[in-house]
Amino acid sequence: SESEKTPRLRGALDGIPTYKPGRPAAADGPVSYKLSSNENPYPPLPGVLESVTGAAASFNRYPDMACSTLMAALAERFGVPPEHLATGTGSVGVAQQLLQVTAGPGDEVIYAWRSFEAYPIITRISGATPVTVPLTEGEEHDLDAMADAVTERTRLIFVCNPNNPTGVAIPREDLERFLDRVPGDVLVVLDEAYREFVRDERVVDGIELYRDRPNVCVLRTFSKAYGLAGLRVGFAVAHEPVAAALRKTAVPFGVSQLAQEAAVASLRSEDALLERVEALVGERTRVTRELEAQGWTVPVSHANFVWLRLGERTDGFAAACEEAGVTVRPFTGEGVRVSVGETEANDIFLQTAAAFRKNEL
Ligand code: PMP
């Protein structure tokens with residue numbers, strides 16, 4: 001009968017998995033650290049926290065929809081016109097809008113695999129067809145193969161730099177050569193969620209590259225280096241037509257006033273935040289060296305995590321970490337991504353990795 005009918009949903013949604021967040025730390029364990037979501041382990045700076053509690057006093061009101069104060073602060077910080085900026089509900093929200101403004105059924109979207117798990121999900125939600133290009137043996141983007149994969153139907157290409165979950169970054173010349181090969185009517189999204197953790201000057205800042213390339217869009221986030229993951233604010237830098245299309249498709253009021261004020265306060269306290277990033281980069285070096293000393297092969301990470309290609313041993317390794325008190329991010333059959341966190345958390349992970357190797361030998 002009519003009452004037994006269910007609403008007709010878009011067929012494109014069939015089989016699309018729901019995004020899986022990293023496992024939280026166990027609430028009941030004796031020691032428990034979360035190294036599964038590439039979060040910033042430091043608690044909010046007092047000044048940033050104050051900006052949020054200040055804004056909370058008026059959350060009966062809608063936020064500033066244009067994010068004007070934040071946009072002005074970003075424009076100044078990055079030396080770009082405010083018309084070249086768009087903010088959104090996390091950079092993943094902006095990425096979803098980028099698909100909305102470029103691609104639909106019949107169109108193709110290219111990205112490397114493995115890369116950020118949201119790409120296949122948001123691409124398929126858009127109705128477009130994902131075209132994946134495997135990473136090289138050395139866990140690098142195969143940019144030649146990605147450029148070769150471009151067809152008349154290609155509308156958008158995601159380039160995750162540094163790449164999640166491998167941490168590997170692309171040298172400037174390689175990226176420039178790739179951009180020179182991509183047709184001007186294809187949008188190239190440089191996802192730089194981890195840019196602030198890059199210490200190798202061969203890795204070019206996408207904001208430098210976008211300036212004379214109207215088909216390049218740079219994605220950044222306040223979630224990682226700036227420690228605002230829970231507040232959901234990301235932004236794009238792109239030339240006027242793309243940025244304007246993003247502002248048009250933004251969920252109205254999608255960035256809360258709390259998030260806006262925290263982001264502005266974070267830019268104001270950037271020196272203190274970048275000192276913390278420096279400490280995490282130091283920990284990344286320590287973790288990498290120690291793993292190598294244990295005999296692991298670790299791709300050089302330019303982000304706040306390391307990648308261990310464990311193949312069939314992935315789930316066993318993740319379970320061992322969890323037992324020891326740290327949650328990590330397993331990709332079954334492929335490998336484990338481990339965020340660089342508090343020193344104690346990194347120590348537990350390193351001890352577990354050493355024990356795991358010993359048991360294997
Ligand atoms: N891009 C990459 C490469 C990421 O790893 C992440 C977070 N895991 C994001 C984008 C999204 O971050 P957010 O939505 O918190 O800005």
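No lab work stands behind these numbers, since they all come straight from the coordinates. All values reported here derive from a predicted model rather than from experimental measurement. Neighbour counts are summed over all protein chains in view; Cβ atoms, including those assigned to glycine, are modelled from backbone coordinates with ideal geometry.
Here are a few things to note about the model shown:
- Gain in span if fully extended, SER3 to ALA355, counting 0.36 nm per residue against the direct Cα distance: 120.8 nm
- Order of PHE222, PHE116 - criterion: other Cβ atoms within 10 Å of each residue's Cβ, fewest first: PHE116, PHE222
- For the pair THR343 and GLU201, a Förster radius of 30 Å applied to the C-beta separation gives a FRET efficiency near 0.65, rounded to the nearest 0.05.
- Dipole magnitude of the range 155-249 about its Cα centre (Cβ charges: Lys, Arg +1; Asp, Glu -1), debye to nearest 20: 400 debye
- What you get for the chain, charging only the Cβ of Lys and Arg (+1) and of Asp and Glu (-1), is a dipole of about 720 debye around the Cα centre.
- Sorted by Cβ density within 10 Å, fewest first, the residues VAL277, VAL48: VAL277, VAL48
- Of the residues ARG181, ARG195, the one with the fewest other Cβ atoms within 10 Å heads the list, and the complete ranking is ARG181, ARG195.
- GLU312/ARG211 FRET efficiency (R0 41 Å; Cβ-Cβ; nearest 0.05): 0.35
- Beta bridges assigned by DSSP with both partners in the chain are antiparallel in approximately 45 percent of cases.
- Net length gained if the chain between ARG153 and ARG276 were fully extended (0.36 nm per residue, minus Cα distance): 39.9 nm
- Solvent-free Debye scattering, log10 I(q)/I(0), computed from the Cα coordinates of the range 1-79 at q = 0.19, 0.22 Å⁻¹: -1.04, -1.10
- Quotient of Cα Rg and 2.2 N^0.38 Å for the range 164-304, N being how many residues it contains: 1.18
- LEU13 paired with ALA319, simple spin-label distance in nm, labels 7 Å along Cα-to-beta-carbon: 3.5 nm
- Based on the reciprocal of the average 1/r between different C-alpha atoms, the Kirkwood radius for the chain equals 21.4 Å.
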